[in-house]
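I have placed the structure first, in the form of structure tokens, so that the comments after it can refer back to it.
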Ligand code: ATP
């Protein structure tokens, strides 16, 4: 493959002073997301709406990349998982059978003094409204109510349903849409256990204590895969999926030191779970659940069989039948995006100038490369070859062209959105047909022949990548 002749390394700075991730705070991430148009508070011109966010251009691009990596690893690169896209609003009987109407609740505690609401099972992690350094209930002023169960499902109404009135729910997880389609997939996709069904889509939860930016939203995009297995194999597959998902996060470039697996204690498990392990990430709020990998047993298929009268079981060609167990890796794109941003965020001083950058894995970076003419005046002759290169590269990749402002400012802008490479067209290009490629992480610069840039970029995007700095 033509990867371009490397003519000279212009600069390979060893005077780069780096700050550690201790400097990463949620406020810095929120501010960068806002400044660079990744994420905006939703309904902002009307004062916002708690814990809902709108994704801007770079947020959308990054989320698309995360989704497509997940989908590739779950469906495209395997023989045993198929895709599904079920409705958000299901027959309300689904949520009765699944146990969500009865049990998808969190304990809600109000403070009569400061008027704040807390999750009764998370008082330890909460802050009293009056004395920020104290936990709710710790000061003599605190006046907490008894905990009462609060259902997290959003209610809505649908036309005129014959049964169950018109009340319906926005789904709090995508999984139930998969279970109720089990028979369709089994028959039409001609699968036998072990096999899985993968789905990506919005879920909605009326969280009691939302907050922490993208970590706990009322509306989020879940990626769930239900893997149906013979009951005797469930433990083995559970262990398999925990390992597979952890490896997937390493492949996304998240630092190993910032990831861990934590097994739930019996009191912590959801009503359907036989065993759950969380893959946790070290967010600025401390170790918290990134993804849950649950062994749901045969709970869901049995509940729906009983409630609907449709047998959701596997019948072997030899006539034996059983209800499969289900292993479920479940995560939201939003929590992955937040983990990636936290992991990638860095501040450096280079040649006495401060830069903020996102060291994102090139596969998830919203923009793969920038094409920059050093001088934007048409007479300088750099705009035309730069536009030509840009148009060539954008056939295959999301790239940006930028000719506004001084070159240093343009580099810094690309650093902040995590663009791994910048190709600069300068006066040497006009003489010998080479361009400079600048590496976001090392800041090394080399020259490549213009006609080799496309192949160089294809090749660079295929190279393995790991975070250059462990912290
Ligand atoms: P938590 O204990 O943090 O409330 P959970 O155990 O209720 O999470 P699950 O029901 O296991 O979460 O949901 C599976 C995944 O969906 C989570 O690991 C997380 O990635 C994502 N998720 C759940 N709730 C939210 C939310 N409110 N905002 C963003 N993502 C969420």
Worksheet item: Counting only residues that are under 30 Å from residue 154 (Cα atoms) and away from the ligand (no atom under 16 Å from the Cβ), how many does the range 217-245 have?
Response: 1
Worksheet item: Taking the stated definitions as given, is residue 101 touching a helix residue (DSSP H, G or I) at 6+ places or on another chain (Cβ under 7 Å) and under 29 Å from residue 175 (Cβ atoms)?
Response: yes
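Let's see how each residue does on (1) modelled with pLDDT under 95; (2) within 18 Å of the chain's Cα centre (by Cα); (3) not in a helix (DSSP H, G or I):
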| site | (1), (2), (3) |
| --- | --- |
| 237 | no, no, no |
| 246 | no, yes, no |
| 250 | no, yes, no |
| 254 | no, yes, yes |
Worksheet item: How many of the residues making up the range 163-212 are out of contact with any strand residue (DSSP E or B) (no Cβ under 9 Å at 6 or more places or on another chain) and in contact (Cβ under 8 Å) with a residue 12 or more places away in the chain?
Response: 6
Item to complete: Assess whether residue 400 counts as being part of a strand (DSSP E or B), farther than 16 Å from residue 433 by Cβ and assigned by TED's automatic domain parsing to the domain that holds residue 434.
Response: yes
Worksheet entry | Filtered residue count, the range 333-369, keeping only those that are in a strand (DSSP E or B) and surrounded by fewer than 24 Cβ atoms within 10 Å (Cβ to Cβ) | 11
Worksheet item: Among the residues of the range 376-388, is there at least one that is in contact with a strand residue (DSSP E or B) (Cβ under 9 Å, 6 or more places away or on another chain), part of a helix (DSSP H, G or I), modelled with pLDDT of 95 or more and closer than 15 Å to residue 441 by Cα?
Response: no
Response to the item:
The one condition residue 402 fails out of (1) within 18 Å of residue 57 (Cα to Cα); (2) free of Cβ contacts under 8 Å to residues at least 40 places away in the same chain; (3) surrounded by fewer than 19 Cβ atoms within 10 Å (Cβ to Cβ) is (3)
Response to the item:
Of the listed residues (299, 272), the one being within 20 Å of residue 225 (Cα to Cα), in the same structural domain as residue 217 (by TED's automatic domain parsing) and within 13 Å of the ligand (Cβ to nearest atom) is 272
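The values are calculated or read from the model by the stated rules, or taken from the named source; none is laboratory data. In this text the structure is predicted, and so the values were computed from the model without any measurement. Positions of Cβ are generated from backbone atoms using ideal geometry, with glycine treated the same way; all protein chains shown enter the neighbour counts.
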